[in-house]
Amino acid sequence: MEQMDFSSFDTIIDCRSPAEFGADHIPGAISAPVLDDDERAQVGTLYKQVSQFDAKKLGAALLAKNVAHHVETLFKDRAKDWRPLVYCWRGGKRSGAMAHVLREIGWDAQTLQGGYKAYRRWVVAQLEEIPSKIRFTVVHGPTGSGKSRLLAALARSGGQVLDLEALAAHRGSVLGGLPGRPQPSQKMFESLLLKELSVLDAARPVFVEGESRKIGQLHVPEALIERMRAAECVLLETGLETRVALLIEEYRHFLEGDGALEAQLDCLSALHGRERIAGWKALAARGAWSELVSRLLLEHYDPAYRKSSARNFSRLSQAGVVRVGASTEAAFERAAQEVLKRRLEALAA
């Protein structure tokens, strides 16, 4: 499939409805709907129940009004040499109409051939192809060992990092949802993922956390997860006390007593039984957070990690070990420097 290069355009304009844009869009695109959600439904109903002519007449009037509004607001300060790319669902009437108006004004507006549907096919094809070109180094360690912090330290130290949990807006565990930040749709996650993969230098290693096939409700593309599972590994070792401190800091929103923690613990009833869940809830009720987190690690997370990681990552047994002795930023900076040094030595060997 032909490559899509958006770099020559100053702005990418998604003229689909807000609901379509919210479900997925080209990263960096702005929403400038020619029909909003209600208007699109209204035109569609008229098309089916009355006639194509009446639907087109209403659609044209609404489109003209909305494009005029965007010209007066979103686009009013654009210079004469502004070059936008406009797309809709199939690259047909909606984007064509907006681009025509913009060109009549004097801007070099272009439309995306095939529209969003062509873009989506390209995303799927790229996510099947690109992972095979990248040399991943997978960061492992049980829950709370600070894998995300190590990735951040590696990025600050010049390493290439792919942070899947940041893209998925989820920390990957049953308690991993981020407060006030819902996960993107599966398609939006894949668009964001492709954007990140596309800028990676295939000649240099890329550090990524060892994930399962699902991060919250989102699925990691098959080609990527398979490439990760065959990759070299680094094992992060962090003491239990440090892990507890890190988790209490990261999951502080669960300590607010609004019932969210108890509801999530109930999700583990099938694995651990009501008696153990009741014990965990009792610790939460009295605010014994360190003891609760320790028990969750030892009784749930660590056994699950040992079982899944050894089964799914074939080279984990050969992983070099990096130890972090404290929850400080400096400790993770030192660990990152050690990891990068080892990778450079391995590449030079």
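So what's the back-of-envelope 222 nm ellipticity for the chain, counting only DSSP H runs of four-plus at -39500 (n - 2.57) apiece and dividing by all residues, rounded to 500?
After summing the helix terms and dividing by the residues of the chain, the value is -16000 deg cm²/dmol.
Taking the Cα centre of the chain as origin and charging only Cβ (+1 Lys, Arg; -1 Asp, Glu), how large is the dipole, in debye to the nearest 20?
Result for the chain is approximately 600 debye, rounded to the nearest 20.
Does region 298-349 classify as rounded, prolate or oblate by the C-alpha gyration tensor (a ≥ b ≥ c root eigenvalues; a/c under 1.5 gives rounded; else a/b over b/c gives prolate, otherwise oblate)?
Verdict is oblate for region 298-349.
Quick check: pseudo-label points 7 Å beyond the Cα along Cα→Cβ at Ser157 and Arg286, how many nm apart are they?
4.2
Between Asp38 and Trp122, take the C-beta separation as r, use R0 = 30 Å, and let me know the FRET efficiency to the nearest 0.05.
Efficiency computed from Cβ-Cβ geometry: 0.50.
Please report the antiparallel percentage of DSSP beta bridges with both residues in the chain, rounded to the nearest 5.
If I count the DSSP bridges inside the chain, around 15 percent turn out antiparallel.
From the Cα gyration tensor of region 242-349, with a ≥ b ≥ c the square roots of its eigenvalues, which class applies: rounded if a/c is under 1.5, or else prolate if a/b is larger than b/c, or else oblate?
Oblate.
How far apart, in nanometres, would the label points at Leu178 and Val199 be if each is projected 7 angstrom from Cα along the Cα-to-Cβ direction?
Distance between label points: 1.6 nm.
So how tilted is helix 147-156 from the main axis of the chain? Cα-based, degrees 0 to 90, rounded to 10.
60
Tell me the relative contact order for region 28-78 as a rounded percent, counting alpha carbon contacts under 8 Å between residues six or more apart.
38 percent.
Cα axis of helix 302-312 to longest principal axis of the chain: angle in degrees, 0 to 90, nearest 10?
Long axis of 302-312 versus the principal axis of the chain: about 60 degrees.
Using a simple charge model, +1 on the beta-carbon of Lys and Arg, -1 on the beta-carbon of Asp and Glu, nothing else, what dipole does region 192-270 show about its Cα centre, in debye to the nearest 20?
Roughly 380 debye, rounded to the nearest 20.
So how far, in whole Å, is the C-alpha centre of region 99-141 from the one of region 56-86?
First find each Cα centre; the distance between them is then 23 Å.
Give me the angle, in degrees from 0 to 90, between the Cα long axis of helix 52-72 and the longest principal axis of the Cα atoms of the chain, rounded to the nearest 10.
70
Using a Förster distance of 51 Å, how high is the FRET efficiency between Thr45 and Ala270, based on the Cβ-Cβ distance and rounded to 0.05?
Efficiency computed from Cβ-Cβ geometry: 0.70.
What's the local net charge at Ala79, with K and R +1, D and E -1, over the other residues with C-beta under 13 Å away?
Local charge sum for Ala79: 0.
Could you bin all the Cα-Cα distances of the chain into 20 Å bins starting at 0 and give me the percent of pairs in each, rounded to whole numbers?
25, 44, 27, 3
Mind listing which trypsin sites (Lys or Arg not before Pro) in region 222-322 are in a DSSP loop and have 13 or fewer other Cβ atoms within 10 Å?
The qualifying sites are Arg286, Arg315.
For every other residue with a beta carbon closer than 11 angstrom to the beta carbon of Arg204, add +1 if it is Lys or Arg and -1 if Asp or Glu, then tell me the sum.
+1
Pop a pseudo-label 7 angstrom from the Cα along the beta-carbon direction at both Ile105 and Lys56 and give the gap in nm to one decimal.
So the two model labels end up 2.6 nm from each other.
Accessible area per residue of region 175-239 at 1.4 Å probe, in Å²?
Heavy-atom SASA per residue in region 175-239 reads 43 Å².
Gain in length, His253 to Leu344, computed as 0.36 nm per residue apart minus the alpha-carbon separation, to one decimal in nm?
Roughly 28.9 nm would be gained on extension.
Can you list residues from other chains, or at least 5 along the same chain, whose modelled amide H is less than 5 Å from the amide H of Glu209?
Amide H neighbours of Glu209: Val139, Leu164.
Let me know the shape class of region 114-237, please: from the alpha-carbon gyration tensor, a ≥ b ≥ c as square roots of the eigenvalues, rounded when a/c is under 1.5, otherwise prolate if a/b is greater than b/c, or oblate.
Oblate, since a/c reaches 1.5 and b/c is not below a/b.
To check my understanding: the extent here is largest minus smallest coordinate of the Cα atoms along each principal axis. What are those three numbers for region 1-139, in Å, largest first?
So the extents along the principal axes, rounded to whole Å, are 57, 40, 27.
The values are calculated or read from the model by the stated rules, or taken from the named source; none is laboratory data. Computed from a predicted structure; not experimentally measured. Positions of Cβ are generated from backbone atoms using ideal geometry, with glycine treated the same way; all protein chains shown enter the neighbour counts. To get the accessible areas, we keep the full protein, side chains included, count just its heavy atoms, and leave off ligands, DNA and RNA. Shrake-Rupley method; radii C 1.70, N 1.55, O 1.52, S 1.80 Å.
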